[in-house]
1. If you take just the strands (runs of 3 or more DSSP E) that sit entirely in segment 251-351, which of them hold at least 3 residues that are touching a residue at least 24 places away in the same chain (Cβ under 8 Å), of a type outside the set (A, V, I, L, M) and surrounded by 14 or more Cβ atoms within 10 Å (Cβ to Cβ)?
2. List the number of the failed condition for SER33; all other conditions in (1) at pLDDT 95 or above; (2) outside any loop (DSSP other than H, G, I, E, B); (3) in contact with a helix residue (DSSP H, G or I) (Cβ under 6 Å, 6 or more places away or on another chain); (4) among the hydroxyl-bearing types (Ser, Thr, Tyr) hold.
3. Right, LEU188: modelled with pLDDT of 95 or more, crowded, with 21+ Cβ neighbours inside 10 Å and more than 30 Å from HIS240 (Cβ to Cβ) or not?
4. Collect the residues in segment 36-52 that are part of a helix (DSSP H, G or I) and touching a helix residue (DSSP H, G or I) at 6+ places or on another chain (Cβ under 9 Å), keeping them in residue-number order.
5. Name, by its number, the condition in (1) closer than 23 Å to ASN25 by Cβ; (2) free of Cβ contacts under 8 Å to residues at least 12 places away in the same chain; (3) hydrophobic (A, V, I, L, M, F, W, C) that does not hold for LEU116.
6. Kindly indicate whether ALA193 is on the phi < 0 side of the Ramachandran plot and part of a loop (DSSP other than H, G, I, E, B).
7. I need the full set of residues from segment 302-342 which are hydrophobic (A, V, I, L, M, F, W, C) and under 12 Å from VAL191 (Cβ atoms), in order please.
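The values are calculated or read from the model by the stated rules, or taken from the named source; none is laboratory data. Nothing here was measured: the structure is a model prediction, and the numbers come from that model. We place every Cβ from the backbone using ideal geometry, glycine too, and count neighbours over all the protein chains shown.
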Amino acid sequence: MARLVIAKNRLPYPPLTGTDAVTWNFLRALAASHDVTFVCLLASASQRRYAREFEDLGVRWVPVLMPNKKNLFARAAYKVFYTLASWLSASPRDLWYYNPPAFRRAVKEACADADLLQCEYWYLYPTARAVRGVVKVLLKHDAEFELNRRLLRLPRNPLSRLLRGWRFLQRRAYERAANRHFDHVLCLSAVDAALVAPFTKRPPRPLFPLLELPPSPPVSPAYGEKLVYFGGTRRDVNRHGLEVFLRAIYPAIQKRVPGVTFTIRGEPPPPRLRRLADASVAFAPPAEDLAEELASAAAAVVPLWAGSGVKIKILTALAHGLPVVTTPVGAEGIPAEAGTELVVAATAEAFADAAARLLTEPDYRRTLAEGARRFASRELDPAVRAGPVAELYAELASS
């Protein structure tokens, strides 16, 4: 049994977002075989109420309240500190914002008798540097520099493109340098591992996410007229993808399937996204349990033309046996068989054709539903993969 310390800049419970679902399911798998301590930053004192969930998981939880969440004065003082520190050092603000002294002390104390420290996200490397005598691992949820490079290609006014280009160059330099502060780097896909390989001490190891499969049977393969998207709506990559879908793809689907409806479940969308929606488009808040939403849909759509990393929203839909239509960017890093387990459409026209076909052809939808569940059972099921994940960390801890 290895003694592991996992550090993250946010609370992963409830696991409503992709990054939180990844962390929570890895914690569950690791706690079954190892002694696990989880240190994280809290966005509010009220989040301490989730202590019981970590206890039930078998994880020792060390929460640290963000300095700017204590009171109004602390918020102002901390903003001055990290803004000034970032400006004087010409470094990304994340390096200062997400590594407050209390967090670094908590991680250092937790590592006093540990074998391995894992930090999630490259900008926690200042915290990792404060720790000695343990194996240090970086878990990369994506290759951020690749994401930022792709964002440069999205339509923007010249000034925005200039500012984004400067941010891309600055963060890329720090991200690449941060990789070398860790003994090992884990990536959620082989695609990301190949991207970061030139900037790591050792070849990075792919570690595909785990997801708890729904205990009930897969979603009924009976076809319907509802499409669903769930996830973020305000990040540039998600907002742009949904704008393209509503502007160029959804109207083409409506011509072929007049009764189609589309539900966007996630954070409140930006106003211009709402302006593109007609009466058949519904906006709904995030749900802790998506089973009912997914059971009522014919397919999930994930329109992405920029991005990096594995898209957990796609894995979640597949785990529920729900067919998914996405783009090559959305499917990147997911080892699913195109056409039988996941539908990949490179153009707006192909995307509309695939979605319309799933809405109108029950046999095709049934084939994709069965393929989705087959993929999930093979690649995501903790019953199949938790053991190898625990063995990987035992190996890393002893290296």
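1. Values: elements: 261-265, 281-284, 299-302, 324-326.
Strands (runs of 3 or more DSSP E) meeting the threshold: 261-265.
2. (2)
3. Values: modelled with pLDDT of 95 or more: yes; crowded, with 21+ Cβ neighbours inside 10 Å: yes; more than 30 Å from HIS240 (Cβ to Cβ): no.
In short, no.
4. Step one: filter segment 36-52 for residues part of a helix (DSSP H, G or I), giving 45-52.
The one that is part of a helix (DSSP H, G or I) and touching a helix residue (DSSP H, G or I) at 6+ places or on another chain (Cβ under 9 Å): ALA45.
5. Tallying (1) closer than 23 Å to ASN25 by Cβ; (2) free of Cβ contacts under 8 Å to residues at least 12 places away in the same chain; (3) hydrophobic (A, V, I, L, M, F, W, C), LEU116 fails exactly one: (2).
6. Working: on the phi < 0 side of the Ramachandran plot: yes; part of a loop (DSSP other than H, G, I, E, B): no.
Against the criterion (on the phi < 0 side of the Ramachandran plot and part of a loop (DSSP other than H, G, I, E, B)), ALA193 does not qualify.
7. Initially, segment 302-342 is screened for residues hydrophobic (A, V, I, L, M, F, W, C), giving 302, 304-306, 310, 312, 314-315, 317-319, 322, 324-325, 329, 331, 334, 336, 338, 342.
Of everything in segment 302-342, those that are hydrophobic (A, V, I, L, M, F, W, C) and under 12 Å from VAL191 (Cβ atoms) turn out to be VAL310, VAL329, ALA331, ILE334.
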